[in-house]
Amino acid sequence: MQSLQPLLTYPPIDRIRRNHGLEHATIHLLSRKRRVSVVGRSDLSGFVLMGDLSEAEIIEAAHEALARMKSGERDLAIHPTCGTNFVTSAAFAALAAFVGFFGARSFSARLSRIPLVFALITGSLILAQPVGLSLQANVTTSGDMRDMEIVSVKKVSDFPALTHRVETHG
């Protein structure tokens, strides 16, 4: 991960990583208050949250998340349902299937390897979990909020899902 450091500290990438971390922290706090399904997407100037949430709930959670992260709770930047985890799992599973079927030229040879492929995919998914979390912690998110500020929270859409935009600065 050390070789990625210059790229990860490049200002636009650093901002996206910090917004991604704040997005996750906000989702953590929202889901602790009530059972809700939330999808988020981060970019250079903030993030969007899609789900059955009010503007007031998001404002409260985002500000609390930012304060807690600035106070040292940087682990809030890691979320178990992050897309990084899903992509890591998919890549590991695809590689396991490729390895399992490698060299099986006929249909019957491939068919006979299905139990092996299932076992390899299962093992790869178990291994992918800690790798995905590590990738989040070291590459795709940052819990270091430094001078980050929340500029605004606005509802931007009702369809296809209730969507709010959180703008950040810093």
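The values are calculated or read from the model by the stated rules, or taken from the named source; none is laboratory data. Computed from a prediction, not measured in an experiment: that's the story for all the values here. We place every Cβ from the backbone using ideal geometry, glycine too, and count neighbours over all the protein chains shown.
Worth pointing out:
- Which numbered condition I13 fails, given (1) of a type in the set (V, I, T); (2) closer than 23 Å to Q129 by Cβ; (3) at pLDDT 95 or above: (2)
- Subset of region 55-83 [more than 19 Å from V36 (Cα to Cα) and of a type in the set (S, T, N, Q)]: S71
- Top-ranked residue in region 115-158 [being part of a helix (DSSP H, G or I) and among the polar types (S, T, N, Q); ranked as nearest to I13 (Cα to Cα)]: T140
- Options A161, A65; residue that is in a loop (DSSP other than H, G, I, E, B) and touching a residue at least 40 places away in the same chain (Cβ under 8 Å): A161
- If the condition is being of a type outside the set (G, A, S), over 30 Å from H169 (Cα atoms) and surrounded by 14 or more Cβ atoms within 10 Å (Cβ to Cβ), then region 128-157 contributes Q129, V131.
- Search result, residues across region 5-44 that are surrounded by fewer than 17 Cβ atoms within 10 Å (Cβ to Cβ), touching a residue at least 40 places away in the same chain (Cβ under 8 Å) and either within 14 Å of S142 (Cα to Cα) or in contact with a Ser or Thr (Cβ under 6 Å, 6 or more places away or on another chain) (or both): L8, D14
- For region 35-62, a residue qualifies if it is among the small types (G, A, S) and assigned to a strand (DSSP E or B), and the qualifying residues are G40, S42, G46.
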